[in-house]
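Structure first, then comments.
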Amino acid sequence: MAGLDLARDFVPLAIAVLTVSDTRTLADDRSGDTLAERLTGAGHRLAARAIVPDEVEAIRAHVKAWAADPGIDVVITTGGTGFTGRDVTPEALEPLFEKRMDGFSAIFHRISYDKIGTSTLQSRATAGVVDATYVFVVPGSPGACRDAWDGILAAQLDYRHRPCNFVEIMPRLDEHLKRGATTPAAASPAGA
């Protein structure tokens, strides 16, 4: 049965929040504030926070840098998921995904449908793994950020959540890279 196993210890994660917007500043970034408040309220650490314009290279560069940072476990972006010409966050990030997380989009739309009906079709929420770092791409409204955090991320980023969660598999996200470095020749002693 799904729920928290209170016999397990909570494992705080380092989570970075990236707001994608041509117009927002930290002073009026309600969506970024919503995510920052929720993740710190849950016991995680806000590892970094920034705002970038709706430009593929700016979005991609920020997420790549954070994914390469061993001090960041998770990146959540907000904004740029619609259909207007400037909405390019999925185009910026999906090519970086080593593994896509199609279920995130499906569950996000299921939750969103209950609140806004068919208007959920106007979101291209997505998620995946970049450089062994979870990356979640959510719409730029505070409501969408609440839905993503409360309905999906709060549980999946909590080590105590059963029957499974993202935290317990984090150490294995890059095992395919490590396996490639351990060939029989590399594993045998020199000269053997």
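The values are calculated or read from the model by the stated rules, or taken from the named source; none is laboratory data. Only a predicted model underlies this, so the values are computations on that prediction, with no experimental measurement involved. FYI the Cβ positions are ideal-geometry reconstructions off the backbone, even for glycines, and counts take in every protein chain you see. Each accessible area value is taken on the protein alone, full model and side chains, heavy atoms only, with ligands, DNA and RNA left out. Shrake-Rupley method; radii C 1.70, N 1.55, O 1.52, S 1.80 Å.
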Checklist entry - Mind checking which residues of region 76-122 are among the polar types (S, T, N, Q) and more than 19 Å from ALA16 (Cβ to Cβ)? => result THR84, SER105, SER112, THR118, SER119, THR120, GLN122
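Take region 112-121 and flag every residue that is of a type in the set (Val, Ile, Thr) and surrounded by fewer than 18 Cβ atoms within 10 Å (Cβ to Cβ).
Hits for region 112-121 are ILE116, THR118.
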Checklist entry - Does any residue of region 78-89 turn out to be among the polar types (S, T, N, Q), surrounded by fewer than 17 Cβ atoms within 10 Å (Cβ to Cβ) and part of a loop (DSSP other than H, G, I, E, B)? => result yes
Next on the checklist: Could you tell me how many of the residues in region 133-166 are in a loop (DSSP other than H, G, I, E, B) and open to solvent by less than 30 Å² (accessible area, probe 1.4 Å)?
Outcome noted: 5
Checklist entry - Only one of THR34, THR19 is among the polar types (S, T, N, Q), open to solvent by less than 50 Å² (accessible area, probe 1.4 Å), part of a strand (DSSP E or B) and in contact with a Lys or Arg (Cβ under 9 Å, 6 or more places away or on another chain); which? => result THR19
Next on the checklist: Based on this model, can you work out whether THR120 counts as assigned to a helix (DSSP H, G or I) and touching a Ser or Thr at 6+ places or on another chain (Cβ under 8 Å)?
Outcome noted: yes
Next on the checklist: Every residue in region 105-133 that is under 22 Å from MET170 (Cβ atoms), in contact with a Leu (Cβ under 9 Å, 6 or more places away or on another chain) and of a type outside the set (A, V, I, L, M), please.
Outcome noted: THR126, GLY128, ASP131, THR133
Checklist outcome for this item: The condition of being in contact (Cβ under 8 Å) with a residue 24 or more places away in the chain and either open to solvent by less than 20 Å² (accessible area, probe 1.4 Å) or more than 13 Å from the chain's Cα centre (by Cα) (or both) holds, among ARG100, ARG124, only for ARG124
Checklist outcome for this item: Note: among LEU173, LEU96, just one is modelled with pLDDT under 95 and hydrophobic (A, V, I, L, M, F, W, C), namely LEU173
